Amino acid sequence: MSSREAIKTLILRYAELVDAGDFEALGALLANATFTGTTSVTGAAAITQNFTNTVIRYPDGTPRTRHIVTNFFIEVDEPSGTATSRSTFTAYQALPDFPLQPIAVGHYDDTFTRTTTWHFTTRQVTIDLPGTLTHHIKSGPTHQSSASSSTPANGSQASR
């Protein structure tokens with residue numbers, strides 16, 4: 001698999017894990033990274049806790065979302081074993097009392113390093129077009145139920 005394809009696979013795996021509500025596996029995927037939404041957290045345990053504390057999971061264990069990731073711009077520096085990427089996401093959500101709709105459109109800015117395999121070193125999530133996030137993000141003193149335009153999303157926006 002080429003470096004570009006390996007990196008694209010990491011980006012898509014992130015969306016898949018958020019949609020599955022598998023925040024432990026998400027933490028493992030980002031174990032060597034700093035995740036930035038409304039706050040920055042580093043390492044598997046902190047990232048897992050951040051998603052657990054911010055994303056609403058329903059009885060089926062998922063946030064009832066689907067993240068579609070497009071517009072991949074991936075630049076790889078093979079000799080140094082580093083890469084950067086920017087991609088766009090649209091997050092959809094549906095619940096029995098909340099019809100299927102886009103809840104956020106934004107972008108991911110990522111960096112990667114290759115040791116034996118490629119891994120994330122940073123992920124920054126920015127919501128460019130916020131929708132209704134009240135069924136996706138827990139509210140409370142340290143959580144936002146919505147984000148303003150061009151403001152980084154909170155930890156759950158990973159689902160974006």
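For the range 14-33, a tally of residues being without any contact (Cβ under 8 Å) to a residue 60 or more places away in the chain and touching a helix residue (DSSP H, G or I) at 6+ places or on another chain (Cβ under 6 Å) returns 6. When Gly27 is tested against the conditions (1) in contact with a Phe, Trp or Tyr (Cβ under 6 Å, 6 or more places away or on another chain); (2) in a helix (DSSP H, G or I), the lone failure is (1). Quick check, is Phe72 closer than 23 Å to Ala25 by Cβ, crowded, with 18+ Cβ neighbours inside 10 Å and not small (Gly, Ala, Ser)? No. I want to confirm something. Restricting to the range 50-66 and keeping residues that are assigned to a helix (DSSP H, G or I) and either of a type in the set (Val, Ile, Thr) or at positive phi (or both), which single residue is surrounded by the most Cβ atoms within 10 Å (Cβ to Cβ)? Step by step, filter the range 50-66, then rank; the result is Thr54. Exactly one residue among Val69, Val76, Val105, Val41 is closer than 14 Å to Thr122 by Cβ and in a strand (DSSP E or B), and that residue is Val41.
The single condition among (1) in contact with a Phe, Trp or Tyr (Cβ under 7 Å, 6 or more places away or on another chain); (2) modelled with pLDDT of 95 or more; (3) closer than 20 Å to Leu12 by Cα that Val41 does not satisfy is (3).
Matching residues to (1) out of contact with any strand residue (DSSP E or B) (no Cβ under 9 Å at 6 or more places or on another chain); (2) at pLDDT 95 or above; (3) not acidic (Asp, Glu):
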position: Ser87; (1), (2), (3): no, yes, yes
position: Tyr108; (1), (2), (3): no, yes, yes
position: Thr142; (1), (2), (3): yes, no, yes
position: Ala147; (1), (2), (3): no, no, yes
position: Ser150; (1), (2), (3): no, no, yes
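In the range 1-17, which residues are more than 14 Å from Arg123 (Cα to Cα) and either assigned to a helix (DSSP H, G or I) or among the small types (Gly, Ala, Ser) (or both)? Residues satisfying the conditions are Ser2, Ser3, Arg4, Glu5, Ala6, Thr9, Glu16, Leu17. Pairs are defined by a Cβ separation below 8 Å, a sequence spacing of at least 6 or placement on different chains, a first member in the range 95-108 that is without any contact (Cβ under 8 Å) to a residue 40 or more places away in the chain and at negative phi, and a second member that is of a type in the set (Lys, Arg) and assigned to a strand (DSSP E or B); the pairs so defined are His107/Arg86.
The values are calculated or read from the model by the stated rules, or taken from the named source; none is laboratory data. Fair warning: this is a prediction, and the values are worked out from it, not measured in the lab. Cβ atoms come from the backbone with ideal geometry, glycine included; neighbour counts cover every protein chain shown.
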